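What follows is one structure encoded as structure tokens, with my remarks underneath.
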Amino acid sequence: MNATATPPRGDFASTSVPRHLARGLIGFGLIAGSVALTLFTGPVALLAAPLGLIALRGCPVCWMVGLAQTISRGRLERECVDGACSLVAARPSGPRA
């Protein structure tokens with residue numbers, strides 16, 4: 001086996017931070033709006049909450065994990081040696097000799 005293991009890419013990360021923040025704005029906005037509009041439109045407004053969860057790709061915590069992954073993508077990587085893993089600065093990816 002290899003001494004270093006490369007973890008798989010995060011499932012919750014977006015291609016860019018602005019895109020991820022836009023998804024969060026839409027998701028949290030739909031959830032908050034559905035709860036707030038319940039007073040005026042009744043339980044029908046709660047139908048918007050699942051759309052908010054879809055925009056967040058599951059749950060608010062999933063969105064926050066994705067934000068951390070999106071920000072750190074390309075800057076940090078996990079390095080595992082002898083069963084001990086740590087975060088290190090990513091090495092520049094270029095042609096190998």
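The values are calculated or read from the model by the stated rules, or taken from the named source; none is laboratory data. Keep in mind that what you see is a predicted model, and the values were worked out from it rather than measured. When we count neighbours, we look across all protein chains shown, and the Cβ atoms used for this are built from the backbone with ideal geometry, even at glycine.
Looking only at segment 26-84, residues that are in contact with a Ser or Thr (Cβ under 8 Å, 6 or more places away or on another chain) and among the small types (Gly, Ala, Ser) come to 5 in all. Close contacts from segment 44-70, counting a first residue that is closer than 15 Å to Ser14 by Cβ and a second that is charged (D, E, K, R) and part of a helix (DSSP H, G or I), with Cβ to Cβ under 9 Å and a gap of 6+ residues or different chains, come to Ala55/Arg23; Leu56/Arg23; Arg57/Arg23; Trp63/Arg23; Gly66/Arg23; Thr70/Arg19.
Would you check if Arg73 is at pLDDT 75 or above, touching a helix residue (DSSP H, G or I) at 6+ places or on another chain (Cβ under 6 Å) and of a type outside the set (Val, Ile, Thr)? It is false that Arg73 is at pLDDT 75 or above, touching a helix residue (DSSP H, G or I) at 6+ places or on another chain (Cβ under 6 Å) and of a type outside the set (Val, Ile, Thr).
One residue stands out in segment 76-97 among those that are of a type in the set (A, V, I, L, M, F, W, C) and modelled with pLDDT of 85 or more: the one that is surrounded by the fewest Cβ atoms within 10 Å (Cβ to Cβ), namely Ala84.
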